[in-house]
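Please read the structure below before turning to the comments.
The values are calculated or read from the model by the stated rules, or taken from the named source; none is laboratory data. Quick caveat, the model's predicted, so the values are computed rather than measured. Cβ placement follows ideal geometry from the backbone for every residue including glycine, while neighbour counts extend to all protein chains displayed.
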């Protein structure tokens, strides 16, 4: 029987205590139905308790996705002044936090992070006054 390699699409999950957060859009209804209990529609993200992470990884693997746990969400953080928040940044973020006159976001991947910076956001690591995302 011939073997073949399939490139899996990577999805970043971020460790926030005992919960893993990720955002993704799935065209496959069957896949979404299997993960629906973890979906938070108010925040447009999946919230997976630590004890269910392996199960979710297996479900995603069955549909050729790889859930990659990122241990340092701060590497994906950007800061924006509150005046304007482009919709594309909201759409590509996993977490949004407001502090004083700024908004901080954890972006879903490095591409989204780069695009946000191109739209005027500042990576958190470049902001002395910002503390934690």
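Count, please, the residues in region 15-68 that happen to be assigned to a strand (DSSP E or B) and closer than 15 Å to residue 95 by Cα.
Within region 15-68, residues that are assigned to a strand (DSSP E or B) and closer than 15 Å to residue 95 by Cα number 12.
Is it the case that residue 106 is part of a strand (DSSP E or B), at pLDDT 95 or above and in contact with a strand residue (DSSP E or B) (Cβ under 8 Å, 6 or more places away or on another chain)?
The answer is yes for residue 106.
Could you tell me whether any residue of region 80-89 is without any contact (Cβ under 8 Å) to a residue 12 or more places away in the chain, under 13 Å from the mean Cα position of the chain (by Cα) and surrounded by fewer than 16 Cβ atoms within 10 Å (Cβ to Cβ)?
no
Any idea which of (1) free of Cβ contacts under 8 Å to residues at least 60 places away in the same chain; (2) surrounded by 12 or more Cβ atoms within 10 Å (Cβ to Cβ) is the one residue 73 doesn't satisfy?
(1)
All but one of (1) surrounded by 13 or more Cβ atoms within 10 Å (Cβ to Cβ); (2) in contact (Cβ under 8 Å) with a residue 12 or more places away in the chain; (3) in contact with a strand residue (DSSP E or B) (Cβ under 6 Å, 6 or more places away or on another chain) hold for residue 57; state the number of the condition that does not hold.
Condition not satisfied by residue 57: (2).
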